[in-house]
Amino acid sequence: MPPKASPPIATSEVRFRSLFDNTPELILYQNEKAIILDANPAFLALVAEPRGRVVDHCYDDFLPPEVHALFRQKLEEAFAGKTVRFDMFAAQGKSAPRHWDVVKIPLWENGAVVGVHMIARDITEKMLAQQEIVTQNQDLQQFTYIVSHNLRAPLATALGLVDLLGTEEPDSPYFEETRTHLQASLHQLDLVLRDMNTILAIRDQKNLAEAEAVPLAEVVQQVVQNLQEVVAQCGGTVRVAIPADLSLRANRAYLYSIFFNLLSNALKYRADERPLEVSVTATGGEGKETRITVADNGSGFDQQQAGDDVFRLYKRFHPHRPGRGLGLYLTKTHVESMGGHISVHSRVAEGTRFIIVVPY
Amino acid sequence: MDTLIIDDNPTGIFLTTRLLRRDGQPADVITSFVSPVEAVAFFRQQGPTDALPHVVLLDLNMPLLSGWDVLDALQPLEAHLLGRCVFYVLTSSLAPADQARARQYPLVAGVLHKPLDGMTIQAIQARVLETLPS
């Protein structure tokens, strides 16, 4: 049996018309004066103008002044017979500014360039993803640096202490003290490695975290209850004002950790001169962003001195109180894993206020 | 060689003190500050005739004031301290950038990596004998 005949190939005109009409890329055909002689539906849709207000108009009318010169130059190069390609970030017509990968291709007829086709591809998503990767790489670099430093510190101490053990008299009190310090250093080393595990586990699940609608008031009450004894012991009060129906799409364990860390900090860094007062308030819901405030009247810290370091890993601001500088770093990581943002305002001897904003 | 240790970690102070005791002279006076803020205050309160330590071993990574912040805070006293007191940065960090940064401070004679060992202590002693009037 003869093979089935393949269906006939559509005519060039039909094929290219289909491409022109249906591609998501912008296609323009221009003359030497940058007048648009033809524009495809993708371009008309972007600038939100009917065909009649685009064709026979200058392309400059649709571009911000700062890229006019660039476009003129590239058009000239194309009319000189070169296919040119360039990136730009600009608005077109009334559209929002976007990243464009632009190609201008000369159309030849009888040995002369008679017009230039432009194809512009929207590469905004790709550019944003790239920027995100760069930022993440910088974060990782910073993270590695901090980890290596914080591993080396207890390790160097342990090395020195072992050196000492070799020369201290085995029965002397110094020998025993050195041994105790050695144990503490190794314990510290182990803690740093455990911290890394905790942090990596959160980062791993950043996008996988089981998000559910978690009632905010319920989680906060749970945290307050678990810290109640400590609060009572120091004569403090915690006031919670959160609408009962306000919930947040989040991982419940992360949300718990956020409030546990913030309230533990308020307790740890309370002012000795006055009883601790903490208020936890939240607004939002029904299509609006959720705004959570945790404010205390504690010892506060010098915000100018602390700068952006407050949320950094292993950064500490209260030399006379215990702490590893992990809590706020974890809190920030948790908030960001929900797509939210955390900020802080603090005044020495007045108190500290944390604000968490989670977009709807 | 009288030495002042500025280190926020008490274990670090214990270790450095014991190493200096082991490899130094019996008459050496060794003092320390866990708080960099108090260390700066100490230098500011020093009168012109008060006894300064020969050597200051300064940790870098400390809460509130880093070792660099301490050096910045001491800048107004530089003329007074130069030739009377030799500073060494003593850090567990191995970052090469520390060396370059330390060179910007005339007070700082060098960067030492923790832990101190006998040879380094002897080298510091030799340098102190050389540069400081006894």
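Each reported figure results from applying straightforward, stated rules to the coordinates on display, with no laboratory input. Source: prediction; values computed, not measured. Glycine gets a Cβ as well: all are built from the backbone with ideal geometry, and neighbour counts include every protein chain shown.
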Legend entry - Amide proton proximity set for B:Ser32, modelled H, under 5 Å, gap of 5+: B:Ile5
Inset, instruction - Whole Å is fine, so just give me how far the alpha carbon centre of region A:220-292 lies from that of region B:64-134. - result: 45 Å
Inset, instruction - Please turn the phi angles of region B:86-101 into ³J(HN,Hα) values with the Karplus equation 6.51 cos²θ - 1.76 cosθ + 1.60 (θ = phi - 60°), one per residue in order, whole Hz, x for glycine and proline. - result: 9, 9, 10, 7, 10, 9, 8, 6, 10, 4, x, 4, 4, 4, 4, 5
Legend entry - Size-normalised alpha-carbon gyration radius of region A:208-360, reference 2.2 N^0.38 Å: 1.00
Legend entry - Most mobile of A:Val335, A:Val55, A:Val278 in a GNM of chain A (Cα contacts under 10 Å): A:Val55
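Before anything else, pin down the relative contact order of chain A: Cα pairs under 8 Å, at least 6 apart, normalised by residue count, whole percent.
Details: 536 pairs, mean separation 34.2, N = 360.
Relative contact order for chain A comes out at 10 percent.
Defining a contact as two alpha carbons under 8 Å apart and six or more residues distant in sequence, what relative contact order in percent does region A:90-235 show?
On the way: 80 pairs, mean separation 18.9, N = 146.
Reported as a whole number, the value is 13 percent.
For a footprinting-style exposure proxy, rank A:Thr124, B:Thr17 by other Cβ within 10 Å, fewest first. Before the final figure, lay out each step's value.
Working: A:Thr124 13, B:Thr17 17.
Going from least to most buried by this count: A:Thr124, B:Thr17.
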Legend entry - Nearest-ten-degree value, helix A:12-22 long axis tilted from longest Cα axis of chain A: 40 degrees
Inset, instruction - Calculate the length of the line joining the C-alpha centroid of region B:14-56 to that of region A:150-169, in whole Å. - result: 21 Å
Inset, instruction - Taking H placed 1.01 Å from N in the peptide plane, check which residues at least 5 places from B:Phe87 or on another chain put their amide H under 5 Å from its amide H. - result: B:Val56, B:Ala109
Inset, instruction - Could you name the lysines whose alpha carbon sits less than 22 Å from that of A:Lys82, not counting residues in the same chain fewer than 8 places away? - result: A:Lys33, A:Lys74, A:Lys104
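Highest mean first, what order results for A:339-350, A:15-26 on Cβ atoms within 10 Å?
Highest to lowest by the protection proxy: A:339-350, A:15-26.
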Inset, instruction - Treat the count of other C-beta atoms within 10 Å as a stand-in for reagent exposure and order A:Ser264, A:Ser337 from fewest to most. - result: A:Ser264, A:Ser337
Inset, instruction - Pull up the DSSP beta bridges for the protein assembly as shown and report the antiparallel fraction as a percent, rounded to 5. - result: 70 percent
Legend entry - Gap separating the Cα centres of region A:186-202 and region A:78-93, nearest whole Å: 52 Å
Inset, instruction - Could you tell me how many degrees, from 0 to 90 and to the nearest 10, lie between the Cα long axis of helix A:173-204 and the main elongation axis, the longest principal axis, of the Cα atoms of chain A? - result: 30 degrees
Inset, instruction - Let me know the shape class of region A:124-204, please: from the alpha-carbon gyration tensor, a ≥ b ≥ c as square roots of the eigenvalues, rounded when a/c is under 1.5, otherwise prolate if a/b is greater than b/c, or oblate. - result: prolate
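For Cα pairs less than 8 Å apart in space and 6+ apart in sequence, what is the mean separation divided by the residue count of region A:13-122, i.e. the relative contact order in percent?
Relative contact order of region A:13-122: 27 percent.
Just check chain B against the gyration tensor rule for me: Cα atoms, a ≥ b ≥ c as the square roots of the eigenvalues, rounded for a/c under 1.5, and otherwise prolate or oblate depending on whether a/b exceeds b/c. Please report the intermediate quantities before stating the final value.
Numbers: a/c = 1.24, a/b = 1.03, b/c = 1.20.
Because its axes are fairly even, with a/c under 1.5, chain B counts as rounded.
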Legend entry - Folded to 0 to 90 degrees: helix A:68-79 orientation relative to chain A principal axis, Cα: 50 degrees
Inset, instruction - Taking only the C-alpha atoms, wrap a convex hull around region A:49-176 and report its volume per residue in Å³ as a whole number. - result: 188 Å³
Legend entry - Counting all C-alpha pairs of chain A, share separated by more than 38 Å (%): 49 percent
Legend entry - Shielding by partners - mean other protein chain Cβ count within 10 Å, residues of A:148-161: 6
Inset, instruction - Work out the charge dipole of chain A with +1 on the Cβ of Lys and Arg and -1 on the Cβ of Asp and Glu about the Cα centre, then indicate which of A:Ala10, A:Leu70, A:Asn251 is farthest towards its positive end. - result: A:Ala10
Legend entry - Cα point-scatterer Debye curve for region A:187-298, base-10 log of I(q)/I(0) at q = 0.17 Å⁻¹: -0.92
